[in-house]
Amino acid sequence: MQYDFHADDILGPAYEYWRRKCGTRPMPRRRDIDPTEIPRLLPYIQITEFVDGGKRVRYRLAGTAIVEAYGGELKGKFFDEVFSGERLRFVEANYRTMCAEKRPILVCNRYFSRRDVPLICNRVVMPLSDDGVNVNQAFTAMRFLFPGKSYEWAGQWFGTSGNFDFERSRCEAIR
């Protein structure tokens, strides 16, 4: 099953906004992104920054839909304060891929929340660069789906095992 994020009414417009802000550059600068220009998308947007030479990632902005899905405020927190173990490694690997490719990535996986609600999250993680070469922040749009039991969805999408693992989540560079 291929997910067409362009047709999504959150991810598609967020990606097109990012592309417009690129102009002639491979990546827009953070100052080019003005969330007030996309008020309908703002609840589904997050901005993260790389600190300590890229060793850590901190949330700078997390829209209300993201905070609601997670079950708590994320702004100002580092990934390693929110995630741990296999989940932290998965999230960090996604961001490393985006930085290495210097282009947006599509990530589709089960979303873990502090709430007891099964969620699937499709997101487009888009690089931001102040110098046009080094990725120093990311602009992300997230779409949450409520498919019933996440393990049922994972089994249908990833095969017949019914056991979800991050190894079979999807993360791909957008070409």
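The values are calculated or read from the model by the stated rules, or taken from the named source; none is laboratory data. Because the structure is predicted, anything quoted here is derived from the model rather than measured. Cβ sites come from the backbone with ideal geometry, for glycine too, and all protein chains shown count toward neighbours.
Overview of values
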{"read-out": "Subset of the range 10-25 that is touching a residue at least 12 places away in the same chain (Cβ under 8 Å) and among the charged types (D, E, K, R) - its residue that is surrounded by the fewest Cβ atoms within 10 Å (Cβ to Cβ)", "value": "Arg25"}
{"read-out": "Per-region count, the range 113-126, residues modelled with pLDDT under 85 and out of contact with any Leu (no Cβ under 8 Å at 6 or more places or on another chain)", "value": "5"}
{"read-out": "Residues of the range 1-16 that turn out to be modelled with pLDDT under 95 and under 21 Å from Met27 (Cβ atoms), as a count", "value": "2"}
{"read-out": "Total residues in the range 64-95, condition part of a loop (DSSP other than H, G, I, E, B), under 17 Å from Ile45 (Cα atoms) and of a type outside the set (A, V, I, L, M, F, W, C)", "value": "6"}
{"read-out": "Pairs, first under 13 Å from Tyr59 (Cα atoms) in the range 72-96, second crowded, with 16+ Cβ neighbours inside 10 Å and of a type in the set (S, T, N, Q), C-beta under 7 Å, six or more apart", "value": "none"}
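Let's see how each residue does on (1) in contact with a Ser or Thr (Cβ under 8 Å, 6 or more places away or on another chain); (2) under 16 Å from Tyr15 (Cβ atoms):
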residue	(1), (2)
Ala65	no, no
Lys77	no, no
Val82	no, no
Thr97	no, no
Glu101	no, yes
Arg123	yes, yes
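Rundown of residues vs (1) exposed (fewer than 15 other Cβ atoms within 10 Å of the Cβ); (2) touching a Phe, Trp or Tyr at 6+ places or on another chain (Cβ under 6 Å), yes/no style:
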{"position": "Asp8", "(1), (2)": "no, no"}
{"position": "Met27", "(1), (2)": "no, no"}
{"position": "Ile33", "(1), (2)": "no, yes"}
{"position": "Arg40", "(1), (2)": "yes, no"}
{"position": "Gln46", "(1), (2)": "no, no"}
{"position": "Lys55", "(1), (2)": "yes, no"}
{"position": "Thr64", "(1), (2)": "yes, no"}
{"position": "Gly85", "(1), (2)": "yes, no"}
{"position": "Cys99", "(1), (2)": "no, no"}
